[in-house]
Structure formats: structure tokens, C-alpha cells
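The values are calculated or read from the model by the stated rules, or taken from the named source; none is laboratory data. Everything numeric here is computed off the predicted structure, so don't read it as measured data. Only protein heavy atoms, including side chains, enter the accessible area calculation; ligands, DNA and RNA are left aside. Shrake-Rupley method; radii C 1.70, N 1.55, O 1.52, S 1.80 Å.
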Amino acid sequence: MIAAEAGAAVVDTADTEFWAPFQQRVVLWLTQDGGQTEDSELVRRLAQTAADLRMATDAEARAIAARHVVLWQDHFIALLAELGADERGPAAERLRRLVRDHDTGDTRTAAAPSVLAGQNLRVQADHSSVAAGMVNGDIHLSFPSAPDPHRG
């Protein structure tokens with residue numbers, strides 16, 4: 001569970017202002033708890049993850065992010081599995097604290113007058129007006145039924 005959260009945290013944080021301190025903490029965790037050295041392949045992959053996410057186009061960003069979440073989850077699982085039973089619990093707790101301390105929440109912003117929604121957003125127009133926007137994802141439209149002209 002913590003490996004999945006840590007993998008998601010790497011990807012979620014990679015393109016934010018929190019990346020530099022988060023990356024340092026992950027490197028520290030990798031070198032202390034994961035038994036890696038700072039010039040290890042995993043540390044280079046951490047930098048590559050950030051670069052891949054920065055260079056991704058809008059169309060491919062979701063797929064690239066998902067791939068990197070799984071890759072980092074697998075790395076964290078493997079590193080924890082290599083530790084002895086007495087080391088694994090404390091290392092997992094430090095990883096959990098690292099993720100919690102650097103949880104970016106929903107820090108992404110959109111330039112005014114834009115709206116950025118992580119889940120559902122309802123846009124409604126009244127009195128024969130039109131509401132419009134740019135959408136990256138699925139759209140489900142519903143139209144209210146027209147009032148019965150006999151009822152006024």
C-alpha cells in the first residue's frame with residue numbers, strides 16, 4: 001500500500017514547486033533505507049521521471065504518468081522486500097512519513113479566468129445562454145426537459 005502511495009507521490013510531485021525538496025527526501029530514503037547510493041540507477045530514474053512528465057504532451061501525459069506510478073511502485077516494493085524483517089517496518093514508516101509530509105494535495109492551478117477540476121465539474125447556462133469550455137477527457141451531457149407550453 002505505501003509503495004503505491006509513494007509511486008503516486010513521485011509522479012504527482014514531479015511537476016510542482018515541491019519537486020526539489022521531495023526528490024531530496026526520496027534520494028535520502030533510497031540511500032538510507034533502500035540501500036542505494038546517490039549515483040544509483042534508481043536515483044537517475046527519479047530525475048528521468050520528472051523529465052518525462054515535463055516533456056509529455058497533453059495527449060500522452062496521463063499514460064506516461066500511469067506508467068511511472070507503476071514503475072516507482074515496483075521499485076519501492078522491491079527495495080522494501082530486500083530489507084530484513086526488522087528493517088522493513090521502520091523503512092516503510094519513514095517512506096509513509098515522506099509521502100505524508102510532502103503531500104501536495106491539489107496544488108495545481110489554472111490561469112485566470114480558467115477553472116481546473118480534478119474530478120467532476122458542473123457548468124450550467126440559464127435563459128437561453130451558452131456555457132462552453134475546453135475539456136480533456138470524457139463529457140456527459142444532459143439537457144433539462146422543456147416546460148410544457150400548456151402549463152405556462
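How would Arg94, Arg122 rank on accessible area, largest to smallest, probe 1.4 Å?
Arg122, Arg94
Could you give the length gained by full extension between Val70 and Glu41, i.e. 0.36 nm per residue of separation minus their alpha carbon distance, to one decimal place?
Length gained, Val70 through Glu41: 8.8 nm.
Quick one: Karplus J couplings for the stretch 18-29, per residue in order, coefficients 6.51, -1.76, 1.60, θ = phi - 60°, nearest Hz, x for Gly and Pro?
My calculation for the stretch 18-29 gives 8, 4, 4, x, 5, 4, 4, 5, 5, 4, 4, 4 Hz in order.
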